[in-house]
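This report concerns only the one structure given below.
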Amino acid sequence: MRKVIPVILVTVALILIFSAAAAEDWQNEARSMLTLINEFRTGDNAWYWNRNNRTTTVETGLSSLVYDYQLEEIAKIRAAEIAQSFSHTRPDGRKWDTAFPAGNYYKGENLACGFESAADAFEGFREENENYDGQGHRRNMLRRQFTRIGLAAVEVDGTVYWVQEFASGNAVSAALANAQISWAIEDGKYVCRDADGNPVTGWIQDKGAWYYMNQSGVMQTGWVLDNGSWYYMNQSGAMQTGWIQTGGTWYHMDPSGAMRTGWIRDGGSWYYLDPDGVMQTGWIKDRGKWYYSNSKGVMQTGWVQDDGKWYHFGKNGMMDTGWIKDKGKWYYCEDSGAMVTGRCTVDGQTEVFDAYGIWQYSEINDYDTPLGTSSWILLIRSIRQYFREFLELMSIPGEVL
């Protein structure tokens, strides 16, 4: 509890059975906060402090949250509970997120009390003048993983309690939340209708699986674009998560079903998905840096051979250039990343490498090399250079080690 008087805020969220008209008025007031939150997410003020409280993160390209009536029911339950005990711990001692049904992966909750309107509650949640530790509610409202929201408000003994519940995945419409649905086959296609016979559109959750119905109520298969994100439905119409292969190409769908792009970590390995979601293999250029993934898409580190040449990649997967020390041995990789063998001019001096790329010695008296410039090294190199020149004068073939 950061603020005790006149307002209390906590950092997460989720019902209550209200009495008729007054309860509905407060619920309508809570729903009006959706517009404020979405304007915040998509506007020019979508920033928050980083942990150091000196720099900020500015979120761009956030999507608007979709209102979810299943989350609203959860928010109502939590509003009733925090009127008894204002905490993210439920009155029975369980964590707040136990109010969610299975299948919700990214979840968040914001709680507040003491505000007299949705606009005032939203301003409290914005935490404009707080530092990092005080902007937990603000970060929840700006969290990229969240795609849907449910809101609730209830007045108990003159105090209004506010709840914001967030989650990833697909939103449940009011019609679906309050109606019985039935499946049918019409013209060879699966459709879903409510109790009044009207087609149900959008997302439907049935027996643990998600389905997407177009504007005519027809179940979709294959790729589906919804609210700016791509989803993939199998031949039975069920939304897929994790790795999928279609058309010989691999994609990765997150737990909400949305297609991933960019770098992802799965099973301890890193993979790169291009802007179309396609898993990449071989050479990958990202933000000016080169990486390499094997035939299974796994990002490589250490030495990699490609097209007869050796390259070295650091622990972060980035291709190395210049001098590289590996297991006590020095190597040199050109600007292209290719490891050199034999003689190579580096910063104006000739360096000699064996067939495995291991540095052997310098051929000129510029000793700015990985071994340093100690007096012993200088003496040894001088003696070695003298005998090398002597042998060359005598025209004796061979190699001086």
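The values are calculated or read from the model by the stated rules, or taken from the named source; none is laboratory data. The structure presented is a predicted model; accordingly, all values stated were derived computationally and were not measured. Positions of Cβ are generated from backbone atoms using ideal geometry, with glycine treated the same way; all protein chains shown enter the neighbour counts. Heavy atoms of the whole protein, side chains included, go into the accessibility calculation; ligands, DNA and RNA do not. Shrake-Rupley method; radii C 1.70, N 1.55, O 1.52, S 1.80 Å.
Summarising the amide proton neighbourhood of Trp243: residues at separation of 5 or more, or on other chains, whose placed amide H is nearer than 5 Å comprise Met253. Hydrodynamic radius of segment 35-146 by the Kirkwood approach over all distinct alpha-carbon pairs: 15.4 Å. Between Asp206 and Tyr211, the built amide H atoms are under 5 Å apart, and every one of these is 5 or more places off in sequence or on another chain.
Taking every eigenvalue of the Cα gyration tensor of segment 277-316, multiplying by 5 and rooting it, what semi-axes result, largest first, whole Å? Intermediate results must be reported in sequence, preceding the final value.
Details: eigenvalues 51, 31, 19 Å².
With the √(5λ) rule applied to segment 277-316, the semi-axes are 16, 12, 10 Å.
From the cross-link list Lys189/Lys296; Lys289/Lys325; Lys309/Lys329; Lys289/Lys327; Lys107/Lys296; Lys289/Lys329, which pairs have alpha carbons spaced over 29 Å apart? Pairs exceeding the cut-off: Lys189/Lys296; Lys107/Lys296.
Computed from backbone phi with θ = phi - 60° and the Karplus coefficients 6.51, -1.76 and 1.60, the 3J(HN,Hα) list for segment 112-118 is 8, 8, x, 8, 9, 8, 5 Hz; x is used for glycine and proline.
When segment 260-359 is described by a simple charge dipole with +1 on each Lys and Arg Cβ and -1 on each Asp and Glu Cβ, the residue from Gly282, Gln300, Trp330 located farthest towards its positive end is Gln300.
Karplus-based coupling profile of segment 121-137, in residue order and whole Hz: 5, 4, 4, x, 5, 5, 6, 4, 9, 9, 8, 4, 4, x, 10, x, 5, with θ = phi - 60° in 6.51 cos²θ - 1.76 cosθ + 1.60 and x standing for Gly or Pro.
Suppose the Debye formula is applied to equal point scatterers at every Cα of segment 88-151; what is log10 I(q)/I(0) at q = 0.22 Å⁻¹? Scattering profile of segment 88-151, log10 relative to I(0): -1.11.
Taking θ as phi - 60° and the Karplus parameters 6.51, -1.76 and 1.60, the scalar couplings of segment 286-296 work out to 9, 6, x, 10, 9, 10, 9, 10, 6, 5, 9 Hz in sequence order, x denoting glycine and proline. The orientation-averaged projection of the convex hull spanning the C-alpha atoms of segment 189-270 amounts to 6.6 square nanometres. Averaging 1/r across all pairs of distinct Cα atoms in segment 274-372 and inverting the result yields a Kirkwood radius of 14.6 Å.
Divide, for segment 119-267, the radius of gyration over alpha carbons by 2.2 N^0.38 Å, where N is the residue count. Please report the intermediate quantities before stating the final value.
On the way: Rg = 19.3 Å, N = 149, 2.2 N^0.38 = 14.7 Å.
That ratio works out to 1.31.
If you roll a 1.4 Å probe over segment 157-298 with all protein chains in place, what percent of the accessible area is carbon or sulfur?
42 percent
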